[in-house]
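Here's the structure, in structure tokens; my notes come after.
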Amino acid sequence: MKAFAFKLEKLLKLRRYREQETEISLGRETGRLSAIEARIKLIAGEKKAAAAERFAKNNGARDIITIDNYMLRLEQTKENLLQAAAKQELLVEEARAVFLEASRERKIIDKLKDRRAAEYRAFYLREETKTIDDISSSSRQRNY
């Protein structure tokens, strides 16, 4: 039996490549979102440490005002990061939708290839069976 050749193999390779590229893009966008979330957590820790330092015994009024200003700046930075995270989540969702579409397109061609391969094997199995039957029946006729 000769090997199965799928006529749409180049298209399948192209779809696999596109799926890989969109998966990489999705990973990149997810990584950016994770970095933003990590920075938000880091700022929360800094804010907690600053709040604890604010009420230290040897702090004067100037130190307390400085720490309050620092905490306000941290809060503003956190708000900016939360806005950036919301925008990044939208980008992640868009990238996920593109990836799912590319994956769906690749799976369609994969299923078609599997179906054609099964049809090919079934056809050649029937042909092989016919050939074997012809050989065995012709050998019986020769023996008579």
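The values are calculated or read from the model by the stated rules, or taken from the named source; none is laboratory data. Source: prediction; values computed, not measured. Cβ coordinates were reconstructed from backbone atoms using ideal geometry, including for glycine residues, and neighbour counts include every protein chain displayed.
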(message) Between a residue in region 31-43 that is free of Cβ contacts under 8 Å to residues at least 40 places away in the same chain and any residue that is surrounded by 15 or more Cβ atoms within 10 Å (Cβ to Cβ), which pairs come within a Cβ distance under 8 Å, given they are 6 or more apart or on different chains?
(response) 43/74; 43/77; 43/78; 43/81
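Do the conditions hold for residue 42, that is, is it surrounded by 15 or more Cβ atoms within 10 Å (Cβ to Cβ), over 30 Å from residue 122 (Cβ atoms) and either of a type in the set (Phe, Trp, Tyr) or out of contact with any strand residue (DSSP E or B) (no Cβ under 9 Å at 6 or more places or on another chain) (or both)? Before you say what the answer is, go through the steps one by one.
Working: surrounded by 15 or more Cβ atoms within 10 Å (Cβ to Cβ): no; over 30 Å from residue 122 (Cβ atoms): yes; either of a type in the set (Phe, Trp, Tyr) or out of contact with any strand residue (DSSP E or B) (no Cβ under 9 Å at 6 or more places or on another chain) (or both): yes.
So residue 42 does not fit the description; no.
Evaluate region 119-141: report whether one residue or more is closer than 30 Å to residue 24 by Cα, of a type in the set (D, E, K, R) and surrounded by fewer than 12 Cβ atoms within 10 Å (Cβ to Cβ).
The initial filter retains those residues of region 119-141 that are closer than 30 Å to residue 24 by Cα, namely none.
No; the residues of region 119-141 include none that is closer than 30 Å to residue 24 by Cα, of a type in the set (D, E, K, R) and surrounded by fewer than 12 Cβ atoms within 10 Å (Cβ to Cβ).
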(message) Among the residues in region 12-31, are any assigned to a helix (DSSP H, G or I), more than 19 Å from the chain's Cα centre (by Cα) and not small (Gly, Ala, Ser)?
(response) no
(message) Here is a list: 129, 66. Which entry is in a helix (DSSP H, G or I), modelled with pLDDT under 95 and within 30 Å of residue 8 (Cα to Cα)?
(response) 129
(request) Identify all residues within region 43-61 that are basic (Lys, Arg) and part of a helix (DSSP H, G or I); write none if there are none. (result) 47, 48, 54
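Within region 51-88, count every residue that is under 30 Å from residue 25 (Cβ atoms) and surrounded by 15 or more Cβ atoms within 10 Å (Cβ to Cβ).
Going through region 51-88 one residue at a time, the tally reaches 6.
Scan region 78-130 residue by residue and report those that are over 19 Å from residue 34 (Cα atoms) and either in contact with a strand residue (DSSP E or B) (Cβ under 9 Å, 6 or more places away or on another chain) or basic (Lys, Arg) (or both). Can you show your working first?
Applying the first criterion (over 19 Å from residue 34 (Cα atoms)) to region 78-130 yields 98, 100-130.
Selection gives 104, 106, 107, 111, 113, 115, 116, 121, 126, 130.
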(request) Could you list all residues from region 1-45 that are under 14 Å from residue 81 (Cβ atoms) and touching an Asp or Glu at 6+ places or on another chain (Cβ under 7 Å)? (result) 33
